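Remarks on the structure that follows.
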Amino acid sequence: MAAIWSGPNSGWKKPLSAPPPMAPPVWAKAEIGADGVGCEPASAVTLAGLKKLVKQGFVKPGESVVLILTGHLLKDPEFTLKFHRGDLFVGTPHEKAATVLVRQQRTPLVLDARVDAVLETLEKFDRAGSER
């Protein structure tokens, strides 16, 4: 399987002041990423579309729905890195409005490039999750 990187997606630069259900890609990406789903910003808008359909009553709460995300996380890695570092909107007109996204940012973990370092980290999170 191959993908063609076409450069940074500029669609996510839409105003942040428009909250869901309009949900620009940055809102949808932040929300879907918080659930552990890795996709590129444009694919995340399927979640915004589903929310709109639920609000309109077309999709009922409790119904099963499949969202197709065609773009994987590494299609636009700079978006994800900048989002979680908190510098996605630095120096833009949206910098102040972007503060509402802080609660969804996760500090990146820097690990040694060793399999055992990755496994130890995963086990740590697994233990922490099972203690809840």
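Some values worked out for this structure:
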| quantity | calculated |
| --- | --- |
| Verdict on HIS84 being touching a residue at least 40 places away in the same chain (Cβ under 8 Å) and either assigned to a loop (DSSP other than H, G, I, E, B) or of a type outside the set (Phe, Trp, Tyr) (or both) | no |
| Candidates LYS51, LYS55 - the one that is of a type in the set (Lys, Arg) and exposed (fewer than 13 other Cβ atoms within 10 Å of the Cβ) | LYS55 |
| Single unsatisfied condition, LYS124 versus (1) more than 17 Å from ALA34 (Cβ to Cβ); (2) not in a helix (DSSP H, G or I) | (2) |
| Filter result for VAL66 (free of Cβ contacts under 8 Å to residues at least 12 places away in the same chain and touching a helix residue (DSSP H, G or I) at 6+ places or on another chain (Cβ under 7 Å)) | no |
| All positions within the stretch 87-121 that are assigned to a helix (DSSP H, G or I) and free of Cβ contacts under 8 Å to residues at least 12 places away in the same chain | THR99, ARG103, VAL115, ASP116, ALA117, VAL118, LEU119, GLU120 |
| Residue in the stretch 39-50 that is in a loop (DSSP other than H, G, I, E, B), more than 16 Å from the chain's Cα centre (by Cα) and touching a residue at least 24 places away in the same chain (Cβ under 8 Å) present | no |
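Each row is one residue, and each column tells you yes or no for (1) over 18 Å from PRO25 (Cβ atoms); (2) surrounded by 13 or more Cβ atoms within 10 Å (Cβ to Cβ); (3) over 12 Å from the mean Cα position of the chain (by Cα).
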residue	(1), (2), (3)
PHE89	no, yes, yes
ALA98	no, yes, yes
THR107	yes, no, yes
VAL115	yes, no, yes
VAL118	yes, yes, yes
PHE125	yes, no, yes
ALA128	yes, no, yes
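Just so you know, all these numbers are worked out from the coordinates, no wet-lab data involved. Remember, predicted model here, so these are calculated numbers, not experimental data. Here Cβ is always computed from backbone atoms with ideal geometry, including for glycine, and neighbour counts include all displayed protein chains.
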